[in-house]
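> Sending over a structure as structure tokens; questions will come in a sec.
The values are calculated or read from the model by the stated rules, or taken from the named source; none is laboratory data. No experiment lies behind these values; they were computed from the predicted model shown. Glycine gets a Cβ as well: all are built from the backbone with ideal geometry, and neighbour counts include every protein chain shown.
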Amino acid sequence: SRPMPIEARRDDARPARITESWALADVRAASGLAWFGQALVAMSGNETRASFFGYDTAALKLVAFTASGAIAGLAGGTFSTIDGFVNPVVLGIILSTQVIIWVILGGRATLIGPVVAAIAIPLLEDFLSGTFLRIWLLVLGIILLAIVMFRPDGLLGGDRIRRAIGTR
């Protein structure tokens, strides 16, 4: 029998199961790696002091770089499984820029900030493109510029907000 084209298999539940299993693996791994996160925070604050306290900063950097590459690879594999199509244009400069904007606006010192920004910015883009038909990109740029100028730590990056939401 001939294999079905990818488009015909879109209703298959396999991509959802793969995504769920990776998410569960991430949660399991993260729960046992709190010390690693604390070591990275200590190293980002003052690398010399972290090495003085016994952290092998070169090994920590290597593990962090390797883990981030592995997570990016898994995310790309999951994306291609779910989408059924791989093309360099899909993950080009536009998506990379969007991710950087999410981190800048949400606050790089929080985990929840970029997630909130990743949800809020497309909603804001949709609202602005419907309200300001011709100049919505200009209005969005002015809003983003104002946030960067007046909230350099991001919308959820300030100490008071982090304490309020319980992230430190």
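> Assuming Leu140 fulfils every condition listed in (1) surrounded by 16 or more Cβ atoms within 10 Å (Cβ to Cβ); (2) modelled with pLDDT of 85 or more; (3) over 24 Å from Val41 (Cβ atoms) apart from one, which condition is it?
(2)
> Has the stretch 17-26 got at least one residue that is modelled with pLDDT of 80 or more, more than 18 Å from Arg108 (Cα to Cα) and either part of a helix (DSSP H, G or I) or in contact with a strand residue (DSSP E or B) (Cβ under 6 Å, 6 or more places away or on another chain) (or both)?
Residues of the stretch 17-26 modelled with pLDDT of 80 or more: none.
Within the stretch 17-26, none of the residues are modelled with pLDDT of 80 or more, more than 18 Å from Arg108 (Cα to Cα) and either part of a helix (DSSP H, G or I) or in contact with a strand residue (DSSP E or B) (Cβ under 6 Å, 6 or more places away or on another chain) (or both).
> Then there is this: Give Gly77, Gly69, Gly45 a once-over and let me know the one that is loosely packed, with under 12 Cβ neighbours inside 10 Å and either modelled with pLDDT under 85 or touching a Cys at 6+ places or on another chain (Cβ under 6 Å) (or both). Steps first, answer last, please.
Details: Gly77 fails: loosely packed, with under 12 Cβ neighbours inside 10 Å; Gly69 fails: either modelled with pLDDT under 85 or touching a Cys at 6+ places or on another chain (Cβ under 6 Å) (or both).
Selected residue: Gly45, the only one of Gly77, Gly69, Gly45 that is loosely packed, with under 12 Cβ neighbours inside 10 Å and either modelled with pLDDT under 85 or touching a Cys at 6+ places or on another chain (Cβ under 6 Å) (or both).
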